[in-house]
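This report concerns only the one structure given below.
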Amino acid sequence: MAETMTAAADTGHHEAHDDHGHVTNTGISNEKLGMWLFLGSECLLFGGLISTFLLYKKKLNTFPGFENTTVNKLGADLFDIPFTSVSSFVLLMSSLTMVLAVSSLQRDDQRRTRLWLMATALLGSTFLAGQVYEFTAFLNEGLGFTTNIFSSAFFTLTGFHGAHVLIGIVILMTMYAQALRGRLTSRNAEALEIAGLYWHFVDVVWVVIFVVVYLIK
Amino acid sequence: MALVEREPLALPAGASAGTAIEPLGVLARPATKTGWRAWVTTVDHKKIGIMYGVVAMFFFLVGGLEATLIRLQLAQPNGSILSADVYNQVYTMHGVTMVFLVIMPMAAAFANYLLPLQIGARDVAFPRLNALSFWVFLFGGLFLNRSWFVGGGGPDCGWFCYAPNSGVTFSPTHGVDFYSIGLQIAGVASLIGSVNLIVTVLNMRAPGMTLFRMPVFTWMQLVVQMLLLFSLPVITVALFLLSFDRNFGSNFFNVAQGADPLLWQHLFWIFGHPEVYILILPSFGIVSEIIPVMARKPIYGYPFMVFSGIAIGFMGFGVWAHHMFASGLGPMSVAAFSLSTMFIAVPTGVKILNWMATMWGGKILYNTPMLFSAGLVAMFTIGGLSGVTHAIAPADTQQTDTYYIVAHFHYVLFGGALLGLFAGFYFWWPKIFGLMLNDKLGKWHFWVTLVGFNLTFGPMHILGLQGMSRRIQTYQSTDGFTFWNQVATLGVFIIGAGLILFLYNCVHSYRTWKAAGRPNPGPDPWDARSLEWSIPSPTPEHNFDVVPEIHAQDDFWHRKYGEDERGRAVRIATTESVAQKGDAKGVHLPSPSFYPLILAAGLPIIGYGVIFNRLIAIPGVLLFLFGIYGWAFEPATEPGDHEGDHGHDDHGGDDHDGAALATPATEEAPVG
């Protein structure tokens, strides 16, 4: 018993020496670990929203009075798949420009950092504009937030995602403003990397939403 | 507030005296070190912990008052103290208050105060976020309770607020709006807190403090914060859907449109069942600290203790539908959830056996913390056993919505969680405030509470099995429920007397302590085992003069005690010689900030805007944005103090005189 204890203590001792300096126990900075945990939590937020959507997508045409109306009649046939595919592609490309922005900043290339940051924000805005257009088109066709359970679930799920994109754009533009003032340097490249984690997460969630909402019949 | 304000302000503030405060950003950096300003701008995990405790105690009185009203109403058949409508509001707010505004924040108080101390850190990972989570919680709790005054009455749908009962048709007042938005705000607080505390535990442990050398309390809090992190988003979704239905006309729980009200039940209980472990595990951690100290033995089966806690955490996500056996889930689901519910009793039983084995053969000191801890073990066992009876679906179908359920969850939440939290108050009071609570009054408090508690909730088992429904505002004299209801009402007054004894004890102990010339209880009044006892009482502002190096589980104990040749513990060092002095100078600490308070203040205003008039939300949003941007551009610590950007790298103490002192300290430490 005593021996194992000592052995364990020795390991601890070595770790302690490795730890010396500014390194955390896990080797991941507090800020980055915090973002990872937050994103883990976000997975369950979107999990709940996606489950709700799936439940109501299936349920609508089993409800008395709606037996003969297919889901398509009540919304899904309004989907413009080619249009949404293009805007999904735009959003996915913004992940690429985000990576380029981070890597530029790590090399302390200020000019390219600003360029790619702006490109990311613009691509994100393009996606959002597409969503606004799509929502407006649905409204004009008579499918509003309050129309039926399908529409409520659809607008809530995609709306939550859109809000996440919007927050991402605000973060990017804040960083862009900082970069213009020369305050974004390779020393705080990790801040941009963490913002990038959020941005990639929002993109990945869209892949799931796009498949679940638009592609699965 | 007065009670706690006096003491910690007398802290030896050697740490921060030298820091020059330069204004930076929009608002000048708050500079005060004393008075209420120091409290509202603090980012010190100890002050935040104390504020959590005080606010939770205030809400405990509110929730207790509501409980008393319920019992008065039920003291007689055809009681007429509360109308049926008000009765609905009172039991709803009683449940919501006790769960979200009392037990969770009280546990958060201990977590905030103790986690950094138990792992040997100088603060939490994100001190400002810590302050933010407190203020958000406080504003959320006040917002929720303001429904009494401006919402046309409290929420009247029960704490789990089932759809479609929570819809506008059946709950026309703004009560449910205050419920959904208030809990949303309180949830934000817990989410922020959980990210913060998990990062703290994973990243900021002292050198040598491996995960499996952490005290059990720290482990249980880690599990709890994980549960919060992954269960809160689910209730967030549910509350959003409810708000959207009520405020924006969506159809999530609109049965007329084909919506499925069971959706709410699933979402609520996927959060709600992990929630019950969120409520009980902190207390399990507390008694796991107290019992070994008072039994003068190490905790029995430390790995079992830890792994059973982790197992409870995982399995806690797989049992939610046992709350829904009466809703017609179908035999397969019911069978599966019955089984998983029976299984989750196993790790809980492991814990109870380990506590008993820890006490077994020990020289038990029967002081107040120990009595409360033993009380938890006994009372929680009763509640746990009645819980297992709910796992049997046929029996549960019979018991659903009767007082048997009420009896069960009060045995686990009052007899379990609250007794554990009180044990923690008595145990850590000297560490937090620098004075001991009176032990004799404490024992009175314990016995009065125990008797009152069993008188109140014991009879509810019988009433439930006799068929008395919960949430019905009255009963008839011919129902045969009168006698046990009267006993229960008597019991609630005895619990009240116990609570008054506790509050009196706080005041009395403080007065006698002051009259005696403020004697210091010393760093380690209980001869305890974990790191927080190796520093002076009350904890100095900078926690540790030197970040300790850890060589074993219960490292502090092993610095005090070695073994003789027959394996018995013998003193090898006095506490004074191994404890830190708390006199370090120039320790770098995170700077206080106004922004957490400002940011948090925006949220309830946005809430009012959603409920009453969108225009009201505008100042709330502006305040919120101002808080966020002010925050983002304010460095966590004033520049000039320190080179690093990560604020307060607690590891090391490397650039203080600490490093030099650490080495001899490690050589002294007896290992094994």
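The values are calculated or read from the model by the stated rules, or taken from the named source; none is laboratory data. Source: prediction; values computed, not measured. Note: ideal-geometry Cβ built from the backbone for every residue, glycine included; neighbour counts use all protein chains shown.
Here are a few things to note about the model shown:
- Residues within the range B:213-248 that are closer than 27 Å to residue B:558 by Cα and of a type in the set (Ser, Thr, Tyr), tallied: 1
- Just so you know, in the range B:209-235 the residues that are more than 9 Å from chain A (Cβ to nearest Cβ) and not in a helix (DSSP H, G or I) include one that is surrounded by the most Cβ atoms within 10 Å (Cβ to Cβ), and it is B:215.
- Being over 23 Å from the mean Cα position of the chain (by Cα), surrounded by fewer than 16 Cβ atoms within 10 Å (Cβ to Cβ) and under 30 Å from residue B:265 (Cβ atoms) is a condition met by no residue of the range B:353-374.
- Screening residue B:135 against (1) within 23 Å of residue B:205 (Cα to Cα); (2) assigned to a helix (DSSP H, G or I) leaves a single unmet condition, (1).
- Odd one out for residue B:156 among (1) away from chain A (no Cβ under 14 Å); (2) over 23 Å from residue B:99 (Cβ atoms): (2)
- Scanning the range B:480-500 for residues that are of a type outside the set (A, V, I, L, M) and out of contact with any helix residue (DSSP H, G or I) (no Cβ under 8 Å at 6 or more places or on another chain) yields B:482, B:483, B:486.
- Summed over the range B:430-449, the residues that are buried (at least 21 other Cβ atoms within 10 Å of the Cβ), part of a helix (DSSP H, G or I) and in contact with a helix residue (DSSP H, G or I) (Cβ under 8 Å, 6 or more places away or on another chain) give a count of 7.
- Residue in the range A:51-63 that is in a helix (DSSP H, G or I) and modelled with pLDDT under 55 present: no
- Every residue from the range B:164-184 that is surrounded by fewer than 24 Cβ atoms within 10 Å (Cβ to Cβ) and closer than 28 Å to residue B:312 by Cβ: B:184
- Here is the figure for the range B:609-631: residues that are surrounded by 19 or more Cβ atoms within 10 Å (Cβ to Cβ) and among the aromatic types (Phe, Trp, Tyr) total 2.
- Yes/no for residue B:21 being of a type in the set (A, V, I, L, M) and at pLDDT 95 or above: no
- Residue that is nearest to residue B:226 (Cα to Cα), among those in the range A:1-27 that are more than 7 Å from chain B (Cβ to nearest Cβ) and modelled with pLDDT of 50 or more: A:27
- Neighbours by Cβ (under 8 Å, 6+ apart or cross-chain): first from the range B:30-47, of a type in the set (Phe, Trp, Tyr); second modelled with pLDDT of 80 or more and assigned to a helix (DSSP H, G or I): B:39/B:47; B:39/B:51
- Condition met for residue A:143 (within 30 Å of residue A:58 (Cβ to Cβ) and surrounded by fewer than 16 Cβ atoms within 10 Å (Cβ to Cβ)): no
- Any hit, the range A:129-140, residues being more than 13 Å from chain B (Cβ to nearest Cβ), in contact (Cβ under 8 Å) with a residue 24 or more places away in the chain, acidic (Asp, Glu) and part of a helix (DSSP H, G or I): yes
- Just so you know, in the range B:250-269 the residues that are crowded, with 24+ Cβ neighbours inside 10 Å and closer than 22 Å to residue B:312 by Cβ include one that is farthest from the other protein chains (Cβ to nearest Cβ), and it is B:268.
- For the residues B:186, B:206, B:238, the requirement of being within 9 Å of chain A (Cβ to nearest Cβ) and part of a helix (DSSP H, G or I) singles out B:238.
- Within the range B:307-327, the presence of at least one residue that is buried (at least 21 other Cβ atoms within 10 Å of the Cβ), more than 25 Å from the chain's Cα centre (by Cα), among the aromatic types (Phe, Trp, Tyr) and within 30 Å of residue A:153 (Cβ to Cβ) is confirmed.
- Take the conditions (1) in a helix (DSSP H, G or I); (2) touching a residue at least 24 places away in the same chain (Cβ under 8 Å); (3) not aliphatic (A, V, I, L, M); residue B:562 misses just one of them, which is (1).
- The range A:174-197, residues that are among the hydrophobic types (A, V, I, L, M, F, W, C), assigned to a helix (DSSP H, G or I) and touching a residue at least 12 places away in the same chain (Cβ under 8 Å): A:175, A:179, A:180, A:189, A:191, A:192, A:194, A:195, A:197
- Residue B:140 vs. criteria in contact with a helix residue (DSSP H, G or I) (Cβ under 9 Å, 6 or more places away or on another chain), assigned to a helix (DSSP H, G or I) and assigned by TED's automatic domain parsing to the domain that holds residue B:270: yes
- Residue satisfying condition, being of a type in the set (Gly, Ala, Ser), away from every other protein chain (no Cβ under 14 Å) and in contact with a His (Cβ under 9 Å, 6 or more places away or on another chain), within set A:87, A:125, A:95, A:104: A:95
- The residues of the range A:141-172 that are within 16 Å of the chain's Cα centre (by Cα), within 12 Å of another protein chain (Cβ to nearest Cβ) and free of Cβ contacts under 8 Å to residues at least 60 places away in the same chain, listed by number, are A:159, A:163, A:167, A:170, A:171.
- A residue that is at pLDDT 90 or above, in a loop (DSSP other than H, G, I, E, B) and either in contact with a Phe, Trp or Tyr (Cβ under 6 Å, 6 or more places away or on another chain) or not assigned by TED's automatic domain parsing to the domain that holds residue B:538 (or both) cannot be found anywhere in the range B:627-635.
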